[in-house]
Amino acid sequence: VTSSARPSSGIAFGIDIGGTKVLGVALDDGGQIVAEARVPTPTERPNGHEVGADVAEAVAAVVALLDDEVHAPNAPVGVGAPGMLDRNGVLRYAPNLPVAAGIDWRRLIGRVVPGRTVLIENDANFAALAEHRFGAGRGADHLVVVTLGTGIGGGIVIDGKILTGAYGFAGEIGHQVVDPSGPRCPCGRRGCWERYASGGGLGRLAREAALAGTLGTVVHLAGGDPEAVKGEHVTRAAVTGDAGALEVMEQLGWWVALGLTNLSAMVDPERIVLGGGLVQAGELLLAPTRRAYADLVEGGGSRPEIQIVAAQMGERAGAIGAAAAARDGILG
Ligand SMILES: [Zn+2]
């Protein structure tokens, strides 16, 4: 990197605290990535150690690695973290990682990254900002960005701005209840959307079909055991045109669309961007989702067609959005 000796202006750092890695990028004022760094996310030590302190150290390590490459000691730092973060950077609630609740990210990270402006926000909001600025959401000022992975993350853009809500908790779209008598969710209720329209949800739909005997190829891929069927076995069989697997993808698309129509009823987006691991299935998921959406959305024949498209920013979305927000001093 030729710029290593030269102080850089207009650079911002963005960091995404993920389940397995802490990923950072340095973004220049044209939105280009000029450096990247990653370290494994530390697992929490059980006792005698402040929860979150090790992760904050990992964030500091990524900042130092980026600074080695671009030398931007004044670069503001945006940090995206999972869960419900309030406006002071305190993690108020994390259904999938209860031990993390109460972490004061602003204090922990401010302590190990001194002398910089630090902006902390929910990771999905940053990913939505990245898609809106640079990716599949460009040009859409009314936009919903949904990440379909192990769970569901979401960010909502209204009038060109990320919706953060009164307390910072807007966009928790995965925990909209779509079936009050559905399976239990770690949040304490039943039938949340992310129990259906996620990797785990796909696996459950597939196991139900497998036990009903309609998924011969898929069960074969899972080693012959219907209980061992996972989402990836379905997508692998669907790619080959297997009818049973395609039927499960159709069901998954219906559940995805159901939540999307609820969101459309609330925010009236012009475009919906779908990202996350499930969307690697591409049209195998997008096409049934579009069909079911057109069928389920209120007044479907009387409103303009809404675009449902795949995300473009990939695994760096959260980090890129964090850098863009830190540079512009937005969100938070
Ligand atoms: Zn829930």
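The values are calculated or read from the model by the stated rules, or taken from the named source; none is laboratory data. Nothing here was measured: the structure is a model prediction, and the numbers come from that model. Glycine also receives a Cβ, built like all others from the backbone with ideal geometry; neighbour counts cover every protein chain displayed. Ligands, DNA and RNA are excluded from the accessible area calculation, which covers all protein heavy atoms including side chains. Shrake-Rupley method; radii C 1.70, N 1.55, O 1.52, S 1.80 Å.
For region 77-150, what is the relative contact order in percent, using Cα pairs closer than 8 Å and at least 6 residues apart in sequence?
29 percent
With a 1.4 Å probe and all protein chains left in place, how much of the accessible area of the chain comes from carbon and sulfur atoms, in whole percent? All intermediate terms of the calculation are to be shown ahead of the outcome.
On the way: 7600 of 14570 Å².
Carbon and sulfur atoms account for 52 percent of the accessible area of the chain.
Taking the Cα centroid of region 253-332 and of region 184-213, what is the distance between the two, rounded to the nearest whole Å?
Distance between centres, Cα-based: 20 Å.
Please report, in debye to the nearest 20, how large the charge dipole of the chain is about its Cα centre when each Lys and Arg carries +1 at its beta carbon and each Asp and Glu carries -1 there.
Around 420 debye, computed over the chain.
In whole percent, what relative contact order does region 215-264 give with Cα contacts below 8 Å and a gap of six or more residues?
28 percent
Around Gly201, under 9 Å between beta carbons, what's the net of Lys plus Arg minus Asp minus Glu among the other residues?
+1
Which of the peptides 74-84, 161-171 is most tightly packed, and how do the rest follow, judged by the mean count of other Cβ atoms within 10 Å per residue?
74-84, 161-171
Taking the Cα centre of region 148-300 as origin, sum charge times position over the Cβ atoms of Lys and Arg (+1) and Asp and Glu (-1), and report the length of that vector in debye to the nearest 20.
Around 320 debye, computed over region 148-300.
Using Cα-Cα distances under 8 Å and only pairs 6 or more residues apart, what relative contact order does region 193-332 have, in percent?
Normalised by residue count, the contact order of region 193-332 is 22 percent.
I'd like to verify something in the chain: which complete DSSP H helices, judged by Cα projection on the helix axis, reach 20 Å or more and average at least 0.5 on the Kyte-Doolittle scale?
53-70, 243-267
Which part of region 45-85 falls in the paramagnetic zone of Arg189, meaning amide N under 18 Å from the point 7 Å along Cα-to-beta-carbon?
Once the point is set 7 Å along Cα→Cβ of Arg189, 83-85 turn out to lie under 18 Å by backbone N, inside region 45-85.
Spin-label point model (7 Å from Cα, Cβ direction): what's the Thr240 to Gln307 distance in nm?
3.6 nm
Would you mind putting 119-128, 296-305 in packing order, based on average other-beta-carbon counts within 10 Å, highest first?
Result, highest mean first: 119-128, 296-305.
Return one whole number: the accessible area per residue of region 174-332 in Å², for a 1.4 Å probe.
On a per-residue basis, region 174-332 sits at 44 Å².
State to the nearest 20 debye the size of the charge dipole of region 291-332 about its Cα centre, where the only charges are +1 on K and R beta carbons and -1 on D and E beta carbons. All intermediate terms of the calculation are to be shown ahead of the outcome.
Working: 4 positive and 5 negative charges, 27 e Å.
Dipole of region 291-332, to the nearest 20 debye: 120 debye.
Would you mind working out the accessible area per residue for region 1-137, using a 1.4 Å probe, and quoting it in Å²?
That works out to 44 Å² per residue.
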